[in-house]
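Down below is the structure, laid out as structure tokens.
The values are calculated or read from the model by the stated rules, or taken from the named source; none is laboratory data. Bear in mind that the values here come from a model prediction, so they are computed numbers and not experimental data. Positions of Cβ are generated from backbone atoms using ideal geometry, with glycine treated the same way; all protein chains shown enter the neighbour counts. For accessibility, only protein heavy atoms count, side chains too; no ligands or nucleic acids. Shrake-Rupley method; radii C 1.70, N 1.55, O 1.52, S 1.80 Å.
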Amino acid sequence: MIWERTLLAGEKWSATIKKGRLVTLTAAGPGANLAFMLFRANQLEERYNMPDTLKAQHTAKLTAGNILLSDNGRVMASIIDDTVGWHDPVSSYTTRQQTDKQYGKTSFQDHLNEWHRSGEENFLVELIRQGLEQKDLGPVVNAFSKVAYGKDGAMKFVKNHSQEGDSLTLRTEMDVLFLFSNTPHPLNPSSRYPHTPVKLEVQPAPVLTPDDICLNHCGENRRAFENTWDDEVLTATNVKHALR
């Protein structure tokens, strides 16, 4: 184990996790929701692209075998293990207005660390901390949550989708800046602010092999991996020339 941390309800965290790491998220109870954004660590203008990720893999959910694509068609992270089977990549995060209306108004001055934080505020704080701005707010993955889609296109939040001990493991395919927020799913109809902690663990990843589940999920995945590998070669070559 390289590092571990537990995010309590309302907490946030961000940091760069190097390429070749396993990032495991584990729910400490039922009904967890951990939203996260991804940016390429050394080129922050490249970031997670939700539409391309879903379109390329012909899916509206994320689970083992899926990859998270950047807006340059490269693999940022791969989902190599998943006990839940469905994580929501379509919905966004809660706002201050929604949080106050749904859970009641709170403030740090009156409630200290028990005040109800929103996803939008958490991400804004971490973006600024990492040298980014409000305009860099983008799509998130809501880990441990499921949203079902009706034939009419209606979106319905599925209650009690995840249970205690459920986990999701990502493998980083480049240096990735992660931003995490343990805040409610925006479609969760509950009037009670969720209080499920989520544990984060980082450890070394095994070397990718030819039979890798994510590499072989579909042809688009393989091409995305090839784009990522080609970029590594070109970047290394450019650095070598610059040092001459």
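Quick one: is H161 more than 26 Å from P51 (Cβ to Cβ) and open to solvent by less than 60 Å² (accessible area, probe 1.4 Å)?
For H161, the condition - more than 26 Å from P51 (Cβ to Cβ) and open to solvent by less than 60 Å² (accessible area, probe 1.4 Å) - is not met.
Please pick out the residue among A35, A9, A60 that is within 25 Å of I128 (Cα to Cα), open to solvent by 10 Å² or more (accessible area, probe 1.4 Å) and not charged (D, E, K, R).
On inspection, the qualifying residue turns out to be A9.
Suppose we keep only residues that are out of contact with any Gly (no Cβ under 9 Å at 6 or more places or on another chain) and not aliphatic (A, V, I, L, M) within the stretch 186-205. Which one would you say is least open to solvent (accessible area, probe 1.4 Å)?
E201
Name, by its number, the condition in (1) touching a Pro at 6+ places or on another chain (Cβ under 8 Å); (2) surrounded by fewer than 18 Cβ atoms within 10 Å (Cβ to Cβ) that does not hold for S91.
Result: S91 passes all but (2).
Check T6, T24 and return the single one that is under 25 Å from P194 (Cα atoms), within 15 Å of the chain's Cα centre (by Cα) and among the β-branched types (V, I, T).
T24
Residues checked against (1) farther than 19 Å from R21 by Cβ; (2) touching a Lys or Arg at 6+ places or on another chain (Cβ under 9 Å); (3) at pLDDT 95 or above; (4) small (G, A, S):
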residue	(1), (2), (3), (4)
F39	no, yes, yes, no
N42	no, no, no, no
M50	yes, no, yes, no
H58	yes, no, yes, no
K61	yes, yes, yes, no
N72	yes, yes, yes, no
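Can you find, within the stretch 40-57, the residue that is most open to solvent (accessible area, probe 1.4 Å) among those that are in a helix (DSSP H, G or I), in contact (Cβ under 8 Å) with a residue 40 or more places away in the chain and closer than 16 Å to L170 by Cβ?
Here the residue is M50.
If only one of L69, L124 is open to solvent by less than 60 Å² (accessible area, probe 1.4 Å) and either without any contact (Cβ under 8 Å) to a residue 24 or more places away in the chain or over 28 Å from L215 (Cβ atoms) (or both), which one is it?
Only one candidate passes the filter, namely L124.
Which residue is most open to solvent (accessible area, probe 1.4 Å), if the candidates are limited to the stretch 206-235 and must be among the β-branched types (V, I, T) and in a loop (DSSP other than H, G, I, E, B)?
V207
Suppose we filter S78, S107, S118 for residues that are of a type in the set (S, T, N, Q) and at pLDDT below 95; which single one remains?
Unique residue meeting the criteria: S107.
Scan the stretch 168-191 and tell me whether some residue there is among the hydrophobic types (A, V, I, L, M, F, W, C), outside any loop (DSSP other than H, G, I, E, B), touching a residue at least 12 places away in the same chain (Cβ under 8 Å) and under 24 Å from S107 (Cβ atoms).
yes
Consider F108 against the criteria (1) hydrophobic (A, V, I, L, M, F, W, C); (2) surrounded by 18 or more Cβ atoms within 10 Å (Cβ to Cβ); (3) closer than 22 Å to T6 by Cα: it satisfies all of them except one. Which criterion is unmet?
For F108, the failing item is (2).
Among the residues of the stretch 138-152, count how many are without any contact (Cβ under 8 Å) to a residue 40 or more places away in the chain and of a type outside the set (G, A, S).
To start, the set of residues in the stretch 138-152 that are without any contact (Cβ under 8 Å) to a residue 40 or more places away in the chain comprises 148, 150-152.
Right, trim to of a type outside the set (G, A, S) and you get 151-152.
The qualifying residues number 2.
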